[in-house]
Amino acid sequence: MKLLLKAVTIASAIVATQTLADSWTLAPEGSHLAYGTIKKDTVGEVNSFTILSGHVGPDGKAEIEIDLSSVETSVDIRNERMIAHVFRNAGTASLTAEFDMGEISTLGVGQTTAIDVEAVLSLVGTNVEFDAEVFVVRLSETSVMVSTNDMVFISTEDAGVNAGVDRLMELANLPGITRTVPVTARLIFNADSSQTSIAPVAPTAVAAVNGDVKAGKKVFRKCRACHQLKQGLHEVGPSLHGVIGSAAGQTPGYGYSAPLRQSRTVWTTETLAAFLADPKGAIPGNRMQFSGLRNAKDIADVIAYLQAESQG
Ligand code: HEC
């Protein structure tokens, strides 16, 4: 019996909600880090840093570098005084924090969440630890925005810059500058695409495959050592129930390797054929201990069988 497999249509939403990049890079264009100062009890001013860079690793560790010489107070002489006296020409400050990327990765495009982070600001040789609630928006499949949910207050004493603020008061002949500084941040991160081994496949790119279901059942004996077709029945490998059209590495109840889980692959007849021909080459680092099927007909047949089984 011959069965013509139809092109598998993939809702783009499946791809969007189930992908997770290994690492993210800060997009300086949309990002913004500012703090407020109040002088003479009444005059509030906003300063910001125009040069930021940063990265979030696969472990969720974020490191943001702040170019202190890029401080913008709207007045040149004030910028210079700030850099010289408060930041003591230190060059850069760093902000490190840990994000729960697991939680962020489950966000669909347009969805939001609030999470608590512990952060450390390293400024001119002093580390200031603080907790902040951040608001996360999944802007697109490959970008997230993280912003402070409330203001974060940092004490100038904890940050070791009190003497510098004293000096500013002297220089500007000011009776007072507040010693706690509200900070707000909006950081945009883009997924590092180099980490992606297989890009999601557009529905139109899925070719039809001719396969013989009966022959495919025989080929599947090789897979049975590790896989069952019954839903939820995971053995050495995950259940392959309804695998065609599903996002790779996302079936609940099975502990996938990170390379498979994060591969951003959707199992179409094409991606599955490439995977079965060379499991190690198609998704490097995955844990399927199977050398692959050498025969193209075997591959087409077993895919036809998997397709027929998940329809029945
Ligand atoms: C020796 C055991 C073993 C054999 C034989 C085997 N697999 Fe796998 N397979 C696995 C394991 C383990 C995983 C999970 C890999 C990971 O998490 O990196 C897997 C994953 C898969 C996936 C990804 C499933 C998902 O939910 O994303 C597919 C598809 C698959 N195997 C198909 C097959 C087919 C078809 C055959 C037979 C031609 C086969 N496998 C043979 C162990 C095996």
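The values are calculated or read from the model by the stated rules, or taken from the named source; none is laboratory data. Fair warning: this is a prediction, and the values are worked out from it, not measured in the lab. Cβ sites come from the backbone with ideal geometry, for glycine too, and all protein chains shown count toward neighbours.
Considering only region 119-128, I want to know if a residue exists there that is at positive phi and assigned by TED's automatic domain parsing to the domain that holds LEU68. Looking for residues that are at positive phi and assigned by TED's automatic domain parsing to the domain that holds LEU68, one finds at least one in region 119-128, hence yes.
Taking each residue of region 77-101 that is aliphatic (A, V, I, L, M) and looking for partners that are surrounded by 14 or more Cβ atoms within 10 Å (Cβ to Cβ) and in a helix (DSSP H, G or I) with beta-carbon atoms closer than 6 Å, six or more apart or interchain, yields ILE83/SER69; VAL86/GLY164; ALA90/LEU68; ALA93/LEU68.
Rundown of residues vs (1) touching a Cys at 6+ places or on another chain (Cβ under 8 Å); (2) surrounded by fewer than 16 Cβ atoms within 10 Å (Cβ to Cβ); (3) over 19 Å from ALA191 (Cα atoms); (4) in contact (Cβ under 8 Å) with a residue 24 or more places away in the chain, yes/no style:
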{"site": "SER69", "(1), (2), (3), (4)": "no, no, yes, no"}
{"site": "GLY110", "(1), (2), (3), (4)": "no, yes, no, yes"}
{"site": "GLU118", "(1), (2), (3), (4)": "no, yes, yes, no"}
{"site": "MET151", "(1), (2), (3), (4)": "no, yes, yes, yes"}
{"site": "SER155", "(1), (2), (3), (4)": "no, yes, yes, yes"}
{"site": "VAL165", "(1), (2), (3), (4)": "no, no, yes, yes"}
{"site": "LEU171", "(1), (2), (3), (4)": "no, yes, yes, yes"}
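Scanning region 252-275 for residues being near the ligand (Cβ under 8 Å from one of its atoms) and crowded, with 22+ Cβ neighbours inside 10 Å gives a total of 4. Take GLN311 and decide whether it is modelled with pLDDT under 95, more than 30 Å from ASP22 (Cα to Cα), polar (S, T, N, Q) and more than 9 Å from the ligand (Cβ to nearest atom). Yes. On the stretch given as region 23-53, residues that are among the charged types (D, E, K, R) and either on the phi < 0 side of the Ramachandran plot or not in a loop (DSSP other than H, G, I, E, B) (or both) total 3.
So, in region 278-290, of the ones that are more than 10 Å from the ligand (Cβ to nearest atom) and assigned to a helix (DSSP H, G or I), which residue ends up surrounded by the most Cβ atoms within 10 Å (Cβ to Cβ)? Steps first, please.
Step one: of region 278-290, the residues more than 10 Å from the ligand (Cβ to nearest atom) are 278, 280-282, 284.
Now restrict to residues that are assigned to a helix (DSSP H, G or I): 280-282.
Numbers: LYS280: 14, GLY281: 11, ALA282: 20.
Checking each candidate, the answer is ALA282.
Among the residues of this structure, SER140 does not count as one that is at positive phi and either modelled with pLDDT of 90 or more or assigned by TED's automatic domain parsing to the domain that holds SER48 (or both). Summed over region 223-251, the residues that are over 26 Å from ALA296 (Cα atoms), more than 10 Å from the ligand (Cβ to nearest atom) and either in contact with an Asp or Glu (Cβ under 8 Å, 6 or more places away or on another chain) or in contact (Cβ under 8 Å) with a residue 12 or more places away in the chain (or both) give a count of 1.
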